[in-house]
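The values are calculated or read from the model by the stated rules, or taken from the named source; none is laboratory data. What you see is a predicted model; the values in this text were computed from it and never measured. Quick reminder, even Gly has a Cβ in these numbers, built from the backbone with ideal geometry, and neighbours come from all protein chains shown.
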Amino acid sequence: MKHILLILTFHLSLNVYSQCDRFCDYFKIKPKQLELVSDTQYVLKFEDNFDGKHINKDVWKLIPWKQGASEGGGEAQVNTLDEDNLEVSDGTLKIKLQNKPKEKRQVDWEPKEKIMDDSVVNLRTYNYSSSNIWTIKDDFGQGKYQIRFKLDRLDGMWPAFWLYSGDGPTPGGSFWNEFDIFEIFYRKEKWDFTTNVHYDYENDGSNKDNFCASHEKRKDLDEWHVVTCYFTENIIEIYLDEELIERKLKYRTWMGKAVTGKHPRRKARREMYGWPRQTGHLIINMALQNLAAGISENPDDFPCTFEVDYVKYWILKEKN
């Protein structure tokens with residue numbers, strides 16, 4: 001009877017752990033004492049209120065490694081800085097998903113006639129276009145982020161607000177490090193607000209076991225909303241307006257119980273693989289999923305717009 005109880009207790013304890021962060025993987029660490037974050041005062045480091053008539057090219061650049069989607073890949077659009085895709089007016093940035101064909105190179109610094117990895121010539125026609133803009137600086141990391149935005153509706157639309165650095169593995173240890181504050185998918189009259197953290201801990205180019213995703217279904221993102229994200233060493237919290245919709249914890253006990261800065265005496269036994277560990281670029285973009293069911297051909301559905309009032313980034317004030 002005692003053996004049965006022991007087996008049952010062990011089984012239940014494993015279930016408790018498996019239900020915590022079901023899609024997030026942890027590795028074992030030695031017992032660790034966490035410190036309280038005592039200073040919660042932030043100072044503004046970066047903001048763009050989009051008050052001019054054009055995007056500020058001293059701050060933003062186009063996606064650096066390629067502009068166009070691969071044939072048969074997960075996206076369908078080419079990214080450009082063309083004014084019909086990227087408009088600054090009336091105090092907001094408008095990233096527009098268009099269905100006007102554009103002849104563009106998939107990678108703009110490669111020859112037009114080069115055959116690319118997808119076996120298609122570099123210069124090609126894209127039926128859809130949008131924009132994917134990055135901050136020139138790559139010093140965005142822990143701190144507080146805020147964006148005010150609203151969206152149009154189109155099945156397959158894929159707007160995102162995220163941090164990224166490195167797409168390893170590369171010599172010298174350029175790890176794949178990514179934090180999606182949100183990427184949003186629209187399907188069947190509903191938005192899926194998704195938050196992801198990625199870090200290729202083994203630096204082997206594989207996403208397996210190195211990411212942690214969560215989802216929140218919404219119906220009203222075509223109205224103005226503010227997303228605020230607090231990203232610290234131990235915890236990520238994301239608010240939609242004043243509603244807490246996501247909370248991720250870097251550390252857990254062996255049993256899968258959360259360890260936070262509010263309970264510094266608890267000892268962490270596991271650490272999340274996918275927790276972002278490097279600073280990177282801040283990115284705003286609109287993509288279009290390559291849907292198996294097909295993409296709308298109704299001209300009234302375009303342009304599909306991701307409209308941004310402002311973006312801001314604060315860092316924790318240094319202690320004296």
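Things to note:
- In the range 288-312, the residues that are under 30 Å from Gln142 (Cβ atoms) and assigned to a strand (DSSP E or B) form Cβ pairs under 8 Å with partners that are modelled with pLDDT of 90 or more and among the hydroxyl-bearing types (Ser, Thr, Tyr), at six or more places apart or across chains, as follows: Glu307/Thr92; Val308/Thr92; Asp309/Thr92; Val311/Tyr145; Lys312/Tyr145.
- Residue list for the range 236-258, restricted to those being assigned to a loop (DSSP other than H, G, I, E, B) and over 16 Å from Asp25 (Cα atoms): Asp241, Glu242
- Residue that is nearest to Lys28 (Cα to Cα), among those in the range 191-220 that are among the hydroxyl-bearing types (Ser, Thr, Tyr) and either touching a residue at least 24 places away in the same chain (Cβ under 8 Å) or surrounded by fewer than 14 Cβ atoms within 10 Å (Cβ to Cβ) (or both): Tyr201
- Positions within the range 48-71 being loosely packed, with under 13 Cβ neighbours inside 10 Å and within 19 Å of the chain's Cα centre (by Cα), in sequence order: Pro64, Trp65
- Comparison of Glu178, Glu233, Glu271 shows that the only residue that is modelled with pLDDT under 95, touching a Leu at 6+ places or on another chain (Cβ under 9 Å) and part of a strand (DSSP E or B) is Glu178.
- Being small (Gly, Ala, Ser), within 30 Å of Ile236 (Cβ to Cβ) and over 23 Å from the mean Cα position of the chain (by Cα) is a description that applies to Gly91.
- If the condition is being among the aliphatic types (A, V, I, L, M) and under 24 Å from Cys304 (Cβ atoms), then the range 95-131 contributes Ile95, Leu97.
- Scanning the range 95-120 for residues that are loosely packed, with under 15 Cβ neighbours inside 10 Å and assigned to a strand (DSSP E or B) yields Glu103, Ile115.
- Only a single item in (1) part of a strand (DSSP E or B); (2) at pLDDT 85 or above; (3) out of contact with any His (no Cβ under 9 Å at 6 or more places or on another chain) is not met by Cys212, and it is number (3).
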